[in-house]
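The values are calculated or read from the model by the stated rules, or taken from the named source; none is laboratory data. On a predicted model such as this, the values are computed, not experimentally measured, just so you know. Note that we place each Cβ from the backbone using ideal geometry, even for glycine, and neighbour counts take in every protein chain shown. For the accessible areas, the whole protein counts, side chains as well, though only heavy atoms, and no ligand, DNA or RNA atoms are used. Shrake-Rupley method; radii C 1.70, N 1.55, O 1.52, S 1.80 Å.
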Amino acid sequence: MGALRLVSEQTEDGKSSLSLGRVCARVAPILLLVVAWEGVSRFGTVNSALFPPPSRVAVAFLDWWNSSELWRDFRASYGRMLLGFLGGGITGVGIGMLTGRSRLANAVLSPIVQALRPLPPVAIIPLVIVWFGIGDEAKIFSTAFAVFFPVWINTHLGASQIPVEYLWSARLLSASRVKVALTVLIPAALSPIIAGLRTGIAVAFVMVYVNELAGASAGIGYQISISLLAFRVDRMIAALALLAAAGASADLLFALFVRVSFPWLGGRAR
Amino acid sequence: MNDRVVVRVQSLSIQYGKSQPVREVEFECSDGEFVVLVGKSGSGKSSFLNALAGFIPYEGRIDVTGRLGYVFQSNALFPWMTVEGNIGFGLEGVSRGERKRRVEELLERIEMEGFAGRYPHQLSGGQIQRVALARALAPEPEVLLMDEPYAALDYHSRERMQSWLLSIWKDSRKTVIFVTHLLEEAIFLADRILVLRDGQFKADIQVRFARPRSEDLRLSEQFLDVKKEILDHLG
């Protein structure tokens, strides 16, 4: 599964290998870029106020760390992302399973979802602020709203394309609809659900960032916004690096969770 | 085999839009009988089996005594469950200990002890079909329906699986209705072969070879005679 290859490479026999050489090969181009950036910025090829060298960005990052604001901002952004992701993810999976498996639910709910889907999620932020105020509720709601759509469409497609043999086997072997729903329908649609949730993580970070630019008193987006006002480009880049690290860590943690919880996804369904 | 009829089909028709793969078919099958349906692709064999299992809508009457088991060719197992989970899936209303005991017993019967914790993607095609049979047998069905279970296997694996299936069937003596397009497979396995063509049974051929059947049977003249007879009816 492509999603898992970020954690480690799969060899032909299915075992993981993460050799030192391979790690070096991946890190080397990034190190080269950082060194080139330092040189270009330090020796005046570009304006260092606009394009500060990585060493100055690192100092800005340490200042931010030492001021204890970094953890506050990280916690605020990660918390909003997580709650928005969970809200949108759970709703998306639930409604996607319903519309994918029930003709009635599909007839009633899908037109509503499809009517809302073309709306760029960031466009609802002003309206949500009017409804919920400037606090966390508005940020979490609009993040959940944005996460819902990729999760819903993937779950809907996955649930509606479950191989008929699984459904027929379940029907012959079990009389319990709840058991079949939990142990057959959801696992059978799990690959697309996971793809949708993974897209949802990326969408959640975008939404949290935009929400924090629109008005917040803590968060990585808020830090970037006030650094812009103070013309602290070094702090802005440090905040962007933290945002990227937060996004990457969430993605890796999710991939790890999938790998540990669903080992069969690594194999080919037969 | 005894004369008690366990499956009776009267005036069965199946309609898919404008096409009618099965038309006004009559069928009876006795307890413990091994019946094989043969026919060309699209002749309605699988539709007939799916109607027997109640998977698809049909016109006419189907009476089945007791519970049904079904073995599919593709997606034969749930890939998200271990071998143990798959075999035990249909064992409802029994304690956890009893469930485990029954699964172990079935694993022994299919000669796959030690495979309980494996996932389907860790098994070969033949092993998947063995587990699929164990899963179908677990709730102790009266009638076993098998839809080309070995068609995707290579020649040697398929022959091995056919002999193995007969050895399992000899002990359980379940009624089996088996669909295949492979005539050698049909003749080797069956007590009776029904030839399906243009949505109707064109022939009902008794296969009187003694059991247990050896691999040499496949090369005998009598075996070829039955094959010629089927080919005549297939057209």
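Descriptive notes on the structure:
- Verdict on B:HIS121 being within 8 Å of chain A (Cβ to nearest Cβ) and open to solvent by 10 Å² or more (accessible area, probe 1.4 Å): yes
- Single unsatisfied condition, A:VAL130 versus (1) β-branched (Val, Ile, Thr); (2) touching a residue at least 24 places away in the same chain (Cβ under 8 Å); (3) more than 24 Å from B:ASN86 (Cβ to Cβ); (4) open to solvent by 40 Å² or more (accessible area, probe 1.4 Å): (2)
- For B:GLU221, the requirement of being open to solvent by 50 Å² or more (accessible area, probe 1.4 Å) and in contact (Cβ under 8 Å) with a residue 60 or more places away in the chain is not met.
- Matching residues, segment B:192-227, being β-branched (Val, Ile, Thr) and part of a strand (DSSP E or B): B:ILE193, B:VAL195, B:ILE205
- Filter result for A:ARG198 (farther than 26 Å from A:LEU167 by Cα, charged (D, E, K, R), over 20 Å from the mean Cα position of the chain (by Cα) and not assigned by TED's automatic domain parsing to the domain that holds A:ILE30): no
- Residues in segment B:136-159 that are open to solvent by less than 10 Å² (accessible area, probe 1.4 Å) and under 15 Å from B:GLU105 (Cα atoms): B:ALA136, B:ALA138.
- Of all residues in segment A:79-96, those satisfying the criterion of being surrounded by 22 or more Cβ atoms within 10 Å (Cβ to Cβ) and not aliphatic (A, V, I, L, M) are A:ARG80, A:GLY84, A:PHE85, A:GLY88, A:GLY89, A:GLY92, A:GLY96.
- Taken together, A:ALA159, A:ALA216 contain a single residue that is over 27 Å from B:ILE56 (Cα atoms) and assigned by TED's automatic domain parsing to the domain that holds A:LEU70, which is A:ALA216.
- The residues of segment B:65-87 that are open to solvent by 20 Å² or more (accessible area, probe 1.4 Å), facing chain A (nearest Cβ under 8 Å) and touching a Leu at 6+ places or on another chain (Cβ under 9 Å), listed by number, are B:LEU68, B:TRP80.
- Matching residues, segment B:122-164, being assigned to a helix (DSSP H, G or I) and either closer than 17 Å to B:GLY66 by Cβ or free of Cβ contacts under 8 Å to residues at least 12 places away in the same chain (or both): B:GLN122, B:ALA136, B:LEU137, B:TYR155, B:HIS156
- Residue in segment A:55-78 that is nearest to A:ILE224 (Cα to Cα), counting only those that are open to solvent by less than 20 Å² (accessible area, probe 1.4 Å) and not hydrophobic (A, V, I, L, M, F, W, C): A:ASP73
- Flag for A:LEU70 being of a type outside the set (D, E, K, R), part of a helix (DSSP H, G or I) and touching a Leu at 6+ places or on another chain (Cβ under 9 Å): yes
- Scanning segment A:191-204 turns up at least one residue that is within 11 Å of chain B (Cβ to nearest Cβ) and more than 30 Å from A:SER225 (Cβ to Cβ).
- Helices (runs of 4 or more DSSP H) contained in segment A:84-190 and holding at least 1 residues away from every other protein chain (no Cβ under 14 Å) and of a type in the set (S, T, N, Q): A:103-116, A:136-160
- Residue within segment B:95-115 that is open to solvent by less than 10 Å² (accessible area, probe 1.4 Å), assigned to a loop (DSSP other than H, G, I, E, B), within 14 Å of chain A (Cβ to nearest Cβ) and in contact (Cβ under 8 Å) with a residue 40 or more places away in the chain present: no
- Residues that are in contact (Cβ under 8 Å) with a residue 60 or more places away in the chain, surrounded by 11 or more Cβ atoms within 10 Å (Cβ to Cβ) and on the phi < 0 side of the Ramachandran plot occur at least once in segment A:104-121.
- Residue in segment A:226-234 that is surrounded by 20 or more Cβ atoms within 10 Å (Cβ to Cβ) and under 19 Å from the mean Cα position of the chain (by Cα) present: no
- Among residues of segment B:165-191, those that are in a helix (DSSP H, G or I) and within 13 Å of the chain's Cα centre (by Cα), counted: 7
- Evaluation of B:SER172 against the conditions (1) away from chain A (no Cβ under 13 Å); (2) open to solvent by 50 Å² or more (accessible area, probe 1.4 Å); (3) at negative phi shows that the sole unmet condition is (2).
- Selection status of A:ALA159, over 15 Å from the mean Cα position of the chain (by Cα), of a type outside the set (Val, Ile, Thr) and at pLDDT 95 or above: yes
- Condition check for A:ALA170: touching a helix residue (DSSP H, G or I) at 6+ places or on another chain (Cβ under 6 Å), touching a residue at least 24 places away in the same chain (Cβ under 8 Å) and crowded, with 16+ Cβ neighbours inside 10 Å: no
- Subset of segment A:97-144 [closer than 25 Å to A:ARG80 by Cα and among the basic types (Lys, Arg)]: A:ARG117, A:LYS139
- Note on segment B:41-64: residues that are away from chain A (no Cβ under 11 Å), open to solvent by less than 20 Å² (accessible area, probe 1.4 Å) and in a loop (DSSP other than H, G, I, E, B) amount to 2.
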